[in-house]
1. Subtract the Cα-Cα distance of R6 and E84 from 0.36 nm times their separation in residues, and report this length gain in nm to one decimal.
2. Could you work out how much longer the chain between A60 and R25 gets when fully extended? Use 0.36 nm per residue separation minus the Cα distance between them, nm to one decimal.
3. With a point put 7 Å past each Cα toward its Cβ, work out how far A49 is from R17 in nm, to one decimal.
Amino acid sequence: MQRAAREYARSLRQHRRWLERARARGWPVDAPAPNRFRKQVRAGGCGHARCWLCHGDKLAKRPSPRQLRALAAGRDGLAQLEGELPA
């Protein structure tokens with residue numbers, strides 16, 4: 001909710017701008033909610049889930065650093081268990 005509060009003024013500006021353009025073009029103004037415009041600008045990436053340039057690792061199903069750490073921790077845990085079990 002903090003992000004929404006910080007971006008509230010920007011959302012309202014974009015919403016008003018959209019309404020002005022819609023009225024100038026003669027479109028019927030069934031105004032969408034102002035917060036609709038909030039998450040459309042992405043800091044990193046284009047925002048398209050199937051973009052290979054932005055999401056190549058995900059689409060190629062490469063493990064993330066977090067997943068790699070989890071796998072390494074799991075292997076270490078199994079190695080410790082194998083050493084503790086009586087033969």
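1. Working: separation 78, 0.36 × 78 = 28.08 nm, distance 5.34 nm.
Going from the current span to full extension adds 22.7 nm.
2. Values: separation 35, 0.36 × 35 = 12.60 nm, distance 4.32 nm.
Result: 8.3 nm gained on full extension.
3. Placing both labels 7 Å beyond Cα along the Cβ direction yields 2.7 nm.
Any read-out appearing in this document is the output of simple, stated calculations on the displayed coordinates, not a laboratory observation. The structure presented is a predicted model; accordingly, all values stated were derived computationally and were not measured. When we count neighbours, we look across all protein chains shown, and the Cβ atoms used for this are built from the backbone with ideal geometry, even at glycine.
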